[in-house]
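The values are calculated or read from the model by the stated rules, or taken from the named source; none is laboratory data. All figures in this text were calculated on a predicted structure; none of them were measured in a lab. Methodologically, a virtual Cβ is constructed for each residue, glycine included, from the backbone with ideal geometry; neighbour enumeration extends over all protein chains shown. Side chains are part of the model used for accessible areas, which takes the heavy atoms of the whole protein and leaves out ligands, DNA and RNA. Shrake-Rupley method; radii C 1.70, N 1.55, O 1.52, S 1.80 Å.
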Amino acid sequence: MPIFPKKKPEPSKEELLSMAESSGDWEVFCGGNGCWKYVSPACERITGYTPEEFLDRPDLFENILHPDDKELVTAQCQNHSNHECKPFEVEFRLINKSGDIRWIWRKCQPARDKQGNWLGRRASNQDITHCKENEKNLQHREHLLKKAHQQERTMFMNGQVIVFLWRNSSEWPVENISGNVLDLLGYSSEEFLSGSVLYSSLIHPDDLVRVTSEVTAHSLPDSTHFIHQPYRLIARGGRIIWVLDSTTLVRDSSGQITHYHGYIVDITHTVQMEEEVLAVKNRLEFIIDSTSLGTWDWNIQTGGLIYNNQCLEMLGYGPGELSPNVASWLKLIEPEQKVNVIRALTDHLEGRSPRFSLEHKLQHKSGRWIWVLNSGKVWEFDHNGIPVRACGIHLDITHRKEQELLLLETTQRNEQEKRIESLKTMAGAVAHRFNNSMLVVLGNLEMLCRNFPDDSKARNMALMALQEGKEASKIGQAMLTYLGYGMPRKQSHDLAALACESFSAIIKSFPSAIISQCVSPPAPITCQFDTIQIKQVLNNVLTNAFESLAPKTGHITLTFGTTVHSPANFPLLFREGLPDTCRYGFCRIVDNGVGIAANDIERIFEPFFTTRFIGRGLGMALAAGIMRSHQGAIVVKSTLKKGTKITILLPMEE
């Protein structure tokens, strides 16, 4: 059985009616007398009126036509109302029952019977409102685009961009040019078009050869367009203008270049800004190079840290040797200063200070410490105001710090020298006056002792006074010893043996819980000294050391050795009259006692200075005087609450 019948069957009246009823279009059949005989149900969806209303009211259709379209539709219907009417199409608007405007596309064609007799008209009405709205929107967009294009063209032609059409011949004569050329170059378009001004004559002589070479290089068979490197034009009056030139090649049917079509843009301001930035950059680089200034650039979000070469050289590193992150930089900061550095940096990052600036130490690759002035500032923030990047400098101020320290030491030394001289003067005056007075007192007491009976109470009292007077007279002698008077009786002795003997005797006077140790040297430490005086020094120093110890946790150790020293390493009091270098034997006394404050160390050798309420404060002053008379020294190093190390040095026998 064939799929397609050979003869198209004629649809029955019922089939045609069913098709009209189910169609989405509004179908109408109008008889030869002009009256509507059939209206499909779709009319109600489109117009809001039922088929019955249209059939009962012949004027309904005309009444709902839009006023602006009524004449057009009426004329069309009248022109095609007879049996000779031809098919026609018309678009119009009507107002539906709800008052909304609907666009209708109507296709009208004659209806005839099988014999060709005219029966009337069949009209198919389709709702095209949605299509019309889309069409209207499209037209609106096209209008806006056209308007924008025209505005862009106007702006382009009247702005800083000049359009040229150059003929491909010598000196590139201009055949077309935008009118705004007068504003930029000072020449009118007529001057270019007439040939009185040639474009090539405006190109700066220093750029003409290059521009010509670029045109030649880009005029190859496969070239279509190119952009020149910026070049200069000389405007009327000699003003120099930098331009950017973008050119398209125009070819004829044979592929030959006939014209160059392009535009130039005035970039003079941009070039000037670039030159200014370059000048500033060069000056900054010169300053950085001439001052050995190190720079750093810190990405706060990632922790990345970029150093310049001067910064790396300052720290003893080569390119790539120091990890480029802030963690590596923090490791270089001197431990005791790290807290202050982080605090200052945090204050700036959190907005409590306008910039970060601090002097601190960084560790050189060699292990030594250098002083730097570290100064920087956040220069980039994110949209929430969070710091993103910061930049700064490292300036090596080690030499300045050394000079400051040297100046401080010199000032302190001068003040100490003045104080020492004052103390010497005072001690000499006190010793002289005190000794003279004590001679009279002791002489009178001796006379009284001789004159009183041996068993008398008065004689016993005189003897007691005489004994105390002799003890008191030792103060004057101690003053003279501090001044270095009284020549010691030097002989060769073993310093270690004498120190161990004194140590064994003194330790018996202190609690047994104190841990003590005397480490004897493998060989004698032979020096020239007065045993009585040096024993006094050892006793005074050891007594102070034991008194500084806690009863249950104290620890004291004696060690011995030899070393070569320069007087510059000694306290100021002991530098006078010593050779530049000398070999010394030493006894080192180390304890874990209360320690001595840094400000007090330089004063412990002053007469009557003491940090304890007991004693006269003459023990260390007497020891200092004895060591000075022996051309020796006492070096003290101490930390509060950790302990003290005292080294007694005597010159060794040659």
C-alpha long axis of helix 67-79 to longest principal axis of the chain, angle in °: 30 degrees
On Cα atoms only, tilt of 205-217 relative to the major axis of the chain in degrees: 60 degrees
Sum of side-chain charges, Ser629 neighbourhood, beta-carbon under 13 Å (Lys, Arg +1; Asp, Glu -1): +1
Kirkwood Rh and Cα Rg combined as Rg/Rh, the stretch 131-290: 1.12
Kirkwood Rh (inverse of mean 1/r, distinct Cα pairs), the stretch 513-654, angstrom: 15.6 Å
Rounded percent of accessible protein surface that carbon and sulfur make up, the chain, 1.4 Å probe: 55 percent
Angle in degrees between helix 619-629 and the longest Cα principal axis of the chain, rounded to the nearest 10: 80 degrees
Full-stretch length increase - Ser253, Asp206 - with 0.36 nm per residue and alpha-carbon distance subtracted: 13.3 nm
Of Lys107/Lys146; Lys535/Lys637; Lys418/Lys645; Lys86/Lys114; Lys70/Lys136, those spanning more than 25 Å from alpha-carbon to alpha-carbon: Lys107/Lys146; Lys418/Lys645
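Restricting to Cα pairs below 8 Å that are 6+ residues apart, what does the relative contact order work out to for the stretch 525-654? Please round to a whole percent.
Worked out over the stretch 525-654, it gives 33 percent.
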Relative contact order (%) - criterion: Cα under 8 Å, at least six apart; region: the chain: 6 percent
Spread of Cα-to-Cα distances over 10 Å intervals beginning at zero, given as percent, for the chain: 2, 9, 10, 8, 8, 9, 8, 6, 7, 7, 6, 4, 4, 5, 3, 2, 1, 0, 0
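Just the C-alpha atoms of the stretch 515-559: what Rg/Rh do they give, with Rh taken as the Kirkwood radius?
1.05
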Sum of -39500 (n - 2.57) over DSSP H runs of 4+, divided by residues of the chain (222 nm, nearest 500): -13500 deg cm²/dmol
FRET efficiency, 1/(1 + (r/R0)^6) with R0 56 Å, evaluated for Gln517 and Glu313 via beta carbons: 0.70
Ellipsoid semi-axes in whole angstrom, largest first, where each is sqrt(5λ) of the Cα gyration tensor of the stretch 322-371: 22, 12, 8
Label-point separation in nm, Gln337 to Glu62, each point 7 Å along Cα→Cβ: 10.6 nm
Principal axis box of the stretch 32-125, alpha-carbon based, largest edge first, Å: 44, 26, 18
Approximate spin-label separation Glu274-Glu404, in nm, with each point projected 7 Å along Cα-to-Cβ: 4.5 nm
Residue-span extension gain [Leu138 to Arg368] - 0.36 nm each, minus C-alpha spacing: 75.0 nm
Rg(Cα) / (2.2 N^0.38 Å) computed for the stretch 212-340, rounded to two decimals: 1.85
The stretch 210-303, relative contact order in percent, only Cα pairs under 8 angstrom and at least six apart counted: 17 percent
Sites Ile532 and Thr411 - FRET efficiency at Förster radius 41 Å, r taken between beta-carbons, to 0.05: 0.60
Efficiency of FRET from Cβ geometry, Glu446 and Lys637, R₀ 51 Å, rounded to 0.05: 0.60
Dimensionless Rg/Rh of the stretch 556-609 - Kirkwood Rh, Rg from C-alpha atoms: 1.01
Neighbourhood charge, 12 Å Cβ-Cβ cut-off, centred on Leu408 and excluding it, Lys, Arg +1 and Asp, Glu -1: -2
Hull shadow area, averaged, the stretch 272-396 [alpha-carbon convex hull, nm²]: 8.8 nm²
